[in-house]
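Remarks on the structure that follows.
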Amino acid sequence: MFEKILIANRGEIALRIIQACRELGVRTVAVHSTADRDSLHVTYADEDVCIGPPPSAESYLNVSAILSAAEITGADAVHPGYGFLAESARFAEMLGEHGVTWIGPRPETIRLMGDKAKARQTAEEAGVPVLPGSREPLADAAEAAARAGEVGYPVILKAAAGGGGRGMRIVHVPEAIAGQFSTASNEADKAFGDGSIYLEKYLVEPRHVEFQVFGDRHGDVVHLGERECSIQRRHQKLLEEAPSPALWPELRETMGEAAVRLAKAVGYENAGTIEFLLDGDGRFYFMEMNTRIQVEHPVTEMVTGVDLVKLQLRVAAGEPLDLPAELPLRGHAIECRINAEHPETFAPSPGRLTTFHPPGGPGTRLDTHAYEDYVIPPHYDSLVAKLIVMDSTRDAAIRRMARALDFFVVEGIHTSIPLHREIVRDHDFRAGHFSTRFMERFVERRREAAAAAGGRR
Ligand code: MV4
């Protein structure tokens, strides 16, 4: 095992990694911007290094400052968390050149899966279902029109260098394909320095179901079940659960086998997530692979009993996975991402937490870097806390989440807690009847209800 690792991140995930390290007896180095001097990850780490001013580009994305911090503190390894440099193949490579271990997959794997067109092709070659579409990036608007005609409308144009919803265009009619292709390609070129676009048949109301996979350095790969991630808004997940209410044992097995097949095909090491779109008839299609630990990893930890962050360190240190191929899953877990934002307008709401009373009790976990009087800086993402509950059944877990949300008091800023209280009481959510369009409908219904109430006044 490593003696000392550097954590190239901030917020709750930096703290989560420090917790794992403490239990493993690994010393920790925090890096931080000048805006994060009073952050708990700095307080709890054994050592800390200031790496720059508040903007991420000059601190948490500052590769040379982080490399220097690793060098001067003598860190054996770097854990990137999620976001920032977590999927930078170049950073992973540079660490290797400096003799520092990257706690994550090999740089080549990050690079391959970062190209969403190549990832799709790799999945297809591994025998994992993909939607009808283009195998290679589209050469021009004429080819886009030809392919779209073959697969049938609606189609979706995706940037090879995009991912997570960035640089996508849905096209419903042939008249629009050429124009949309050109706009998408130009935008992708501006945003990512790569205008490559590929195309797929567009699924209208899918669910987002993703499988947690794990590989070790000895060629062993397992999956740890799935997470249901359809409750999201503008590609930001709001609530995740494990298991998915849409799967049944045979489908879980088939999808899990597909996920493992793809991970094995690329010699996957460490933690990864294979995202699928699932239609109403139980057909599933590869969407993307994320080559990092994810925000929503705790729901998987709750139903498997596996500490995924500790496992990341063990596997990166060369230890074997030592997990059964078929991991038993127990109970049901739900996570609510509590954001510092207005529950109706979704506008960011940084500032001081004048009151912070977190909930506790059986089966209730809170992953957070927040505390009373902590000031949420305006420079980073708005995640304040992840409230995770588990219980024996989905119904019981929902009731536990409703209770925990009711007992969570935050004052001084706006948070998404009131929004989450509404979601967990929603009839369709409770019934498990929803798709990726759930929040669109939810916000629309709320607008209508507000308009009706206004009309009565
Ligand atoms: C799709 C799709 C429908 N059909 N691809 C969104 C994020 C990026 N990973 C790909 N995404 C989608 N790809 C086909 N062929 C619908 C989405 C999508 C979506 C997927 C998961 C969760 C939420 C979503 C919201 C809008 C669109």
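Of note:
- For the condition closer than 30 Å to Ala161 by Cβ, in a helix (DSSP H, G or I) and either open to solvent by 20 Å² or more (accessible area, probe 1.4 Å) or in contact with a Lys or Arg (Cβ under 7 Å, 6 or more places away or on another chain) (or both), Glu93 qualifies.
- Per-region count, region 154-166, residues more than 12 Å from the ligand (Cβ to nearest atom) and either touching a Pro at 6+ places or on another chain (Cβ under 9 Å) or at positive phi (or both): 1
- Flag not set for Arg169, criterion: of a type in the set (D, E, K, R), more than 9 Å from the ligand (Cβ to nearest atom), touching a strand residue (DSSP E or B) at 6+ places or on another chain (Cβ under 6 Å) and closer than 20 Å to Gly83 by Cβ.
- Filtered by the rule that a residue be crowded, with 22+ Cβ neighbours inside 10 Å, within 16 Å of the ligand (Cβ to nearest atom) and assigned to a loop (DSSP other than H, G, I, E, B), region 247-291 gives a lone residue, Thr291.
Per-residue answers, yes or no, for (1) part of a helix (DSSP H, G or I); (2) of a type in the set (A, V, I, L, M); (3) open to solvent by 60 Å² or more (accessible area, probe 1.4 Å); (4) closer than 30 Å to Glu253 by Cα:
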{"position": "Gly104", "(1), (2), (3), (4)": "no, no, no, yes"}
{"position": "Arg111", "(1), (2), (3), (4)": "yes, no, yes, yes"}
{"position": "Ala117", "(1), (2), (3), (4)": "yes, yes, no, yes"}
{"position": "Arg135", "(1), (2), (3), (4)": "no, no, yes, yes"}
{"position": "Leu138", "(1), (2), (3), (4)": "no, yes, no, no"}
{"position": "Glu143", "(1), (2), (3), (4)": "yes, no, no, no"}
{"position": "Ala146", "(1), (2), (3), (4)": "yes, yes, no, no"}
{"position": "Ala159", "(1), (2), (3), (4)": "no, yes, no, no"}
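Let's see how each residue does on (1) farther than 26 Å from Gly256 by Cβ; (2) among the small types (Gly, Ala, Ser):
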| position | (1), (2) |
| --- | --- |
| His98 | yes, no |
| Lys116 | no, no |
| Gly127 | no, yes |
| Gly165 | no, yes |
| Pro174 | yes, no |
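- Which numbered condition Val221 misses (of (1) surrounded by fewer than 21 Cβ atoms within 10 Å (Cβ to Cβ); (2) more than 12 Å from the ligand (Cβ to nearest atom)): (1)
- Residue check for Gly195: away from the ligand (no atom under 11 Å from the Cβ) and surrounded by 15 or more Cβ atoms within 10 Å (Cβ to Cβ): yes
- The residues of region 124-133 that are within 13 Å of the ligand (Cβ to nearest atom) and either closer than 14 Å to Met255 by Cβ or modelled with pLDDT under 95 (or both), listed by number, are Pro129, Val130.
- Failed item, numbered, when Gly11 is tested on (1) on the phi > 0 side of the Ramachandran plot; (2) in contact with a helix residue (DSSP H, G or I) (Cβ under 6 Å, 6 or more places away or on another chain); (3) not aliphatic (A, V, I, L, M): (2)
- Just one of the listed residues (Glu326, Glu319) is without any contact (Cβ under 8 Å) to a residue 12 or more places away in the chain and of a type in the set (D, E, K, R), and it is Glu326.
- Residue pairs meeting the criteria (Cβ under 9 Å; at least 6 apart or on separate chains; first modelled with pLDDT under 95, in region 215-234; second within 16 Å of the ligand (Cβ to nearest atom)): Arg234/Gly165; Arg234/Phe346; Arg234/Met439
- All positions within region 172-190 that are over 31 Å from the mean Cα position of the chain (by Cα) and either of a type outside the set (Val, Ile, Thr) or within 13 Å of the ligand (Cβ to nearest atom) (or both): Pro174, Glu175, Ala176, Ala178, Gly179
- Whichever residue in region 1-14 is open to solvent by 10 Å² or more (accessible area, probe 1.4 Å) and among the hydrophobic types (A, V, I, L, M, F, W, C) and, among such residues, is nearest to Ala86 (Cα to Cα): Phe2
- Scanning region 47-82 for residues being among the hydrophobic types (A, V, I, L, M, F, W, C), open to solvent by 10 Å² or more (accessible area, probe 1.4 Å) and in a helix (DSSP H, G or I) gives a total of 5.
- Inside region 292-327, residues that are modelled with pLDDT of 95 or more and open to solvent by 30 Å² or more (accessible area, probe 1.4 Å) make up a count of 9.
- Test: residue in region 3-23 that is touching a Cys at 6+ places or on another chain (Cβ under 8 Å) and either among the hydroxyl-bearing types (Ser, Thr, Tyr) or over 21 Å from Ala385 (Cβ atoms) (or both): yes
- Note on region 231-246: among residues that are open to solvent by 10 Å² or more (accessible area, probe 1.4 Å) and assigned to a strand (DSSP E or B), the one that is nearest to Glu296 (Cα to Cα) is Lys237.
- Breaking point among (1) touching a helix residue (DSSP H, G or I) at 6+ places or on another chain (Cβ under 8 Å); (2) assigned to a helix (DSSP H, G or I); (3) not polar (S, T, N, Q), for Ala35: (1)
- Residue under evaluation Phe442, criteria (1) within 16 Å of the ligand (Cβ to nearest atom); (2) on the phi > 0 side of the Ramachandran plot, criterion not met: (2)
The values are calculated or read from the model by the stated rules, or taken from the named source; none is laboratory data. Because the structure is predicted, anything quoted here is derived from the model rather than measured. Reconstructed Cβ throughout: ideal geometry from the backbone, glycine too, with neighbour counts over all protein chains shown. Surface areas here come from the heavy atoms of the whole protein model, side chains and all, with no ligands, DNA or RNA. Shrake-Rupley method; radii C 1.70, N 1.55, O 1.52, S 1.80 Å.
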